[in-house]
Amino acid sequence: MANLLALRIESVALRNFRNIARADFTDLSRFTVLSGDNGQGKTSVLEAIYFVCTSRSFRTSQPGEVVSHSASTASVRATLREGSDTREQSIGIEGRVRKVTLQGKRPPSLASYAIASPVVAFHPGEMVLSSGPASKRRTLLDRTQVLFGSCMGNANAHDNHNLPMLLAGGGYKHGQHLAFDQKQNYPLPNLFVSMLQRMGLEADKFASSTGTMRGLEAA
């Protein structure tokens with residue numbers, strides 16, 4: 001098993017992010033506490049760190065909402081140390097367009113950028129399912145994708161073609177059976193691309209995929 005290296009954020013710089021016009025945090029220690037009155041931007045700082053690491057927000061599905069009302073663009077830049085290596089990540093947003101760099105270069109995709117520095121945000125919104133209204137709990141399956149399948153199309157012959165798959169949730173149009181040519185096999189990775197995009201990842205390729213899953217549509 002590969003050794004896991006400690007990931008540490010050493011500095012973060014925000015520009016026109018939410019209600020923060022400019023903020024620079026440098027020489028951050030391993031444990032940092034933000035304190036202040038309500039509405040001063042503490043959560044926005046945490047959101048910015050999550051944003052620069054994953055290219056996504058944990059507060060909204062619309063990236064443009066993080067841009068300050070008085071500005072047209074926003075940006076976050078961070079210096080991270082993983083083991084003995086240091087790298088810089090940055091993300092800028094104008095309108096709905098996100099532009100990211102990793103060590104000054106554009107990564108192949110947002111998906112590859114998002115996994116470079118894995119972070120987890122614990123915030124009050126995570127308690128909605130248990131403490132919020134019942135309407136949120138009723139939509140849980142719409143926001144959850146469950147995939148069940150087999151690695152054998154015909155177990156008797158140990159044939160791994162024409163694999164059966166069952167997909168539930170995710171907000172798709174269900175109640176259907178999609179069948180494809182059993183001789184000219186349809187690429188199963190197309191399903192994975194559709195699932196990744198449904199989760200908000202701007203992925204257009206997975207293994208031998210040729211696009212998204214044909215016939216699988218959002219409800």
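Just one of Ser90, Ser70 is in contact with a strand residue (DSSP E or B) (Cβ under 9 Å, 6 or more places away or on another chain), surrounded by fewer than 12 Cβ atoms within 10 Å (Cβ to Cβ), of a type in the set (S, T, N, Q) and assigned by TED's automatic domain parsing to the domain that holds Ile49; which is it? Give the steps one after another, and end with the answer.
On the way: Ser90 fails: surrounded by fewer than 12 Cβ atoms within 10 Å (Cβ to Cβ).
Result of the check over Ser90, Ser70: Ser70.
Just checking: which of the helices (runs of 4 or more DSSP H) contained wholly in the range 101-156 hold 1 or more residues that are over 27 Å from Ala168 (Cβ atoms)? Can you show your working first?
On the way: elements: 110-114, 128-131, 134-138.
Helices (runs of 4 or more DSSP H) meeting the threshold: 110-114.
Identify, from the list Gly125, Gly170, Gly153, the residue that is surrounded by 10 or more Cβ atoms within 10 Å (Cβ to Cβ) and in contact with a Pro (Cβ under 9 Å, 6 or more places away or on another chain). Give the derivation first.
Numbers: Gly125 fails: in contact with a Pro (Cβ under 9 Å, 6 or more places away or on another chain); Gly170 fails: in contact with a Pro (Cβ under 9 Å, 6 or more places away or on another chain).
None of the others qualify; the one that does is Gly153.
Do we have any residue at all in the range 42-63 that's closer than 18 Å to Ala114 by Cβ, among the β-branched types (Val, Ile, Thr), surrounded by 14 or more Cβ atoms within 10 Å (Cβ to Cβ) and in contact with a helix residue (DSSP H, G or I) (Cβ under 6 Å, 6 or more places away or on another chain)?
The initial filter retains those residues of the range 42-63 that are closer than 18 Å to Ala114 by Cβ, namely 46-63.
Applying the additional criterion that residues be among the β-branched types (Val, Ile, Thr) yields 49, 52, 54, 60.
Still in the list and also surrounded by 14 or more Cβ atoms within 10 Å (Cβ to Cβ): 49, 52, 54.
Going one step further and asking which of them are in contact with a helix residue (DSSP H, G or I) (Cβ under 6 Å, 6 or more places away or on another chain), we end up with 54.
Checking the range 42-63: at least one residue is closer than 18 Å to Ala114 by Cβ, among the β-branched types (Val, Ile, Thr), surrounded by 14 or more Cβ atoms within 10 Å (Cβ to Cβ) and in contact with a helix residue (DSSP H, G or I) (Cβ under 6 Å, 6 or more places away or on another chain).
Any residue that is in contact (Cβ under 8 Å) with a residue 12 or more places away in the chain, small (Gly, Ala, Ser) and either out of contact with any His (no Cβ under 7 Å at 6 or more places or on another chain) or not in a loop (DSSP other than H, G, I, E, B) (or both) - is there at least one of those in the range 182-194? Write out each step before concluding.
Taking the range 182-194 as the starting set, the residues that turn out to be in contact (Cβ under 8 Å) with a residue 12 or more places away in the chain are 182, 185-194.
Cutting the leftovers down to small (Gly, Ala, Ser) gives us 194.
From the residues that got through so far, the ones that are either out of contact with any His (no Cβ under 7 Å at 6 or more places or on another chain) or not in a loop (DSSP other than H, G, I, E, B) (or both) too are 194.
Yes, the conditions are met somewhere in the range 182-194.
When only residues in the range 153-166 that are modelled with pLDDT under 90 and aliphatic (A, V, I, L, M) count, which is nearest to the chain's Cα centre (by Cα)?
Ala155
Of the conditions (1) under 26 Å from Leu34 (Cα atoms); (2) modelled with pLDDT of 90 or more, Val128 fails just one. Which one is it?
Unmet for Val128, out of (1) under 26 Å from Leu34 (Cα atoms); (2) modelled with pLDDT of 90 or more: (2).
With respect to Arg8, determine if the residue is in contact with a helix residue (DSSP H, G or I) (Cβ under 6 Å, 6 or more places away or on another chain), outside any loop (DSSP other than H, G, I, E, B) and either under 27 Å from Leu196 (Cα atoms) or charged (D, E, K, R) (or both).
Working: in contact with a helix residue (DSSP H, G or I) (Cβ under 6 Å, 6 or more places away or on another chain): no; outside any loop (DSSP other than H, G, I, E, B): yes; either under 27 Å from Leu196 (Cα atoms) or charged (D, E, K, R) (or both): yes.
No.
Can you tell me which residue in the range 78-100 is modelled with the highest pLDDT, limited to those that are part of a loop (DSSP other than H, G, I, E, B) and in contact with a helix residue (DSSP H, G or I) (Cβ under 9 Å, 6 or more places away or on another chain)?
Here is the first cut: in the range 78-100, the residues part of a loop (DSSP other than H, G, I, E, B) are 83-84, 95-96.
From what is left, the residues that are in contact with a helix residue (DSSP H, G or I) (Cβ under 9 Å, 6 or more places away or on another chain) are 95-96.
On the way: Gly95: 86, Arg96: 83.
Within the range 78-100, the match that is modelled with the highest pLDDT is Gly95.
Could you say whether any residue in the range 124-145 is in contact with a Leu (Cβ under 8 Å, 6 or more places away or on another chain), farther than 26 Å from Lys42 by Cα, touching a residue at least 24 places away in the same chain (Cβ under 8 Å) and not assigned by TED's automatic domain parsing to the domain that holds Ser57?
Start the filter on the range 124-145 by keeping residues that are in contact with a Leu (Cβ under 8 Å, 6 or more places away or on another chain), which leaves 129, 136-137, 140, 145.
Narrowing further to those that are farther than 26 Å from Lys42 by Cα: 137, 140, 145.
In the following step, the residues that additionally are touching a residue at least 24 places away in the same chain (Cβ under 8 Å) were identified as 145.
Filter once more, so that each one left must be not assigned by TED's automatic domain parsing to the domain that holds Ser57: 145.
Looking for residues that are in contact with a Leu (Cβ under 8 Å, 6 or more places away or on another chain), farther than 26 Å from Lys42 by Cα, touching a residue at least 24 places away in the same chain (Cβ under 8 Å) and not assigned by TED's automatic domain parsing to the domain that holds Ser57, one finds at least one in the range 124-145, hence yes.
Across the range 201-217, what is the total count of residues that are buried (at least 16 other Cβ atoms within 10 Å of the Cβ) and of a type in the set (Gly, Ala, Ser)?
Of all residues in the range 201-217, those buried (at least 16 other Cβ atoms within 10 Å of the Cβ) come to 201, 203, 206, 209, 212-213, 216.
With of a type in the set (Gly, Ala, Ser) added as a condition, the list becomes 203, 209.
Of the residues in that region, 2 qualify.
The values are calculated or read from the model by the stated rules, or taken from the named source; none is laboratory data. In this text, all values refer to a predicted model and were calculated from it rather than measured experimentally. All Cβ positions, even for glycine, are placed from backbone atoms using ideal geometry, and neighbour counts span all protein chains on display.
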